[in-house]
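Just so you know, all these numbers are worked out from the coordinates, no wet-lab data involved. Small disclaimer: the values here were computed from a predicted structure and weren't measured. All Cβ positions, glycine included, derive from the backbone under ideal geometry; neighbour counts span all protein chains shown.
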Amino acid sequence: MTTSPLAELSAHVAALLARIDAATTLHDLLAEEPFIIGKRSILSTLQKSLGALAPEDRKAAGALLQEARRGVDEAFMTRREGLERENRAAALEADRLDLGDVVVSQVSVPVAVGHPGIVSATQRELEDVFVAMGFTVSDGPEVESDWYNFEALNIPPAHPARGMWDTFYVDLGEPETVVLRTHTSPTQIHLMEQAVAAASLPIHSVMPGRCYRRDTPDARHLAAFHQIEGLVVDRGITFADLAGVIETFTHAYFGSDISSRLRPAFFPFTEPSAEFEITCTICRGEGCRTCSLTGWIELGGCGMLDPAVLDAVGIDGEEWSGFAFGFGIDRCAQMRHQIADMRALIDNDVRFLRQFS
Ligand code: DAH
């Protein structure tokens, strides 16, 4: 009986593994490669000798040898990867430029980049909705005379309706003549005056901006807040146009499942006047604490331009008619993003602000 050429196989494998272990540098290991896993390896020699075996023994011997080669190959590759990794780490270390505490090879912390705040973003979105409906966007001053903020809007001095707006006055000597505007409605007056002077009626415009009231901030009010005013002056404008604009806006901004409704109200500058409400965005109309179980949330006021206002700016109410509306931008942001307490808008807590990047 001839001894199998594989009689010493496990001793050979052990010797090869020891050679792999003994190579301490990548260079040494690669120099050994032909003798360990290449053509000059004992395993290759054994492979050739299998031909001398009886056919019935060859298959089993081949499988055995195959397995031995796989083990050695794997050990070789693992060792090779390990040594390559060590080389890379050493090269990185050698490349590292240490300037005292400043480690140049260290990855730098990304610089935080800001983004528009939620109120600015909301204002832009609202402007976009109205521009798509054919409105222009206009600006007005935040510091107004009593005439623009009140009188021209049909709110004479000492009129009880002034109680609707708790006013900050600017101290300019003459008492209570200059105010921080309490709403964006005075911008309507500026626009109508300009259109009369330039003979450029009709007007279809929205006027966003900051307003001020002597209110104690709470979950739904801020002393400095934002409104967007709308004004249309044209021929043959009716209440139906107003209702249509409000409903179109509501769907465009809040989504098709949120509707609007108008309820009779009083504002000195519009007649008839209405408050407009939208489906509560928190409960989608089911009724919840935010909407006091009504399913509706008040967003702003609106109405047909009062003839006294057209008179104040010299527009002929026989030829022209129009409507106006005004509502809170902060309130829109609050309803859209379901912000429980509006004061979060001015706290400047980055954990809050970051949610709207
Ligand atoms: N200016 C009103 C306010 O701040 C809101 C308002 C109501 C504006 C009716 C309008 C309007 O243009 O027609 O309380």
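Output the lone cysteines of the chain: those with no second cysteine's C-beta under 4.7 Å from their C-beta.
C211, C302, C332 - these cysteines have no disulfide-compatible partner (Cβ-Cβ under 4.7 Å) in the chain.
Treating each Cα of the stretch 163-227 as an identical point scatterer and ignoring solvent, apply the Debye formula and state log10 I(q)/I(0) at q = 0.20, 0.22, 0.26 Å⁻¹.
The calculated log intensity ratios at q = 0.20, 0.22, 0.26 Å⁻¹ are -0.87, -0.95, -1.08.
So if we plug the beta-carbon distance of N87 and A63 into 1/(1 + (r/R0)^6) with R0 = 51 Å, what FRET efficiency do we get, rounded to 0.05?
0.90
Give, in nm to one decimal, the length gained when the segment between L353 and D257 is fully stretched (0.36 nm per residue of separation minus the Cα-Cα distance).
31.8 nm
Report the Cα-based extents of the chain along its three principal axes, largest first, to the nearest Å.
125, 56, 43
Taking a quarter of the surface of the convex hull around the Cα atoms of the stretch 70-188, what do you get in nm²?
20.3
Using only alpha carbons, build the gyration tensor for the stretch 182-291 and give me the equivalent ellipsoid semi-axes, biggest first, whole Å.
Value: 27, 20, 12 Å, ordered largest first.
Pairs of alpha-carbon atoms within less than 8 angstrom and 6+ residues apart define the contacts here; what relative contact order does the stretch 30-154 have, in percent?
Reported as a whole number, the value is 11 percent.
Rg/Rh for the stretch 1-160: what does it come to with C-alpha atoms and Rh from Kirkwood?
Using Cα coordinates only, the ratio equals 1.65.
Working from the pairwise distances between different alpha carbons, so that the mean of 1/r is found and then inverted, what is the stretch 297-357's Kirkwood radius in Å?
Every distinct Cα pair counted, the radius reaches 14.7 Å.
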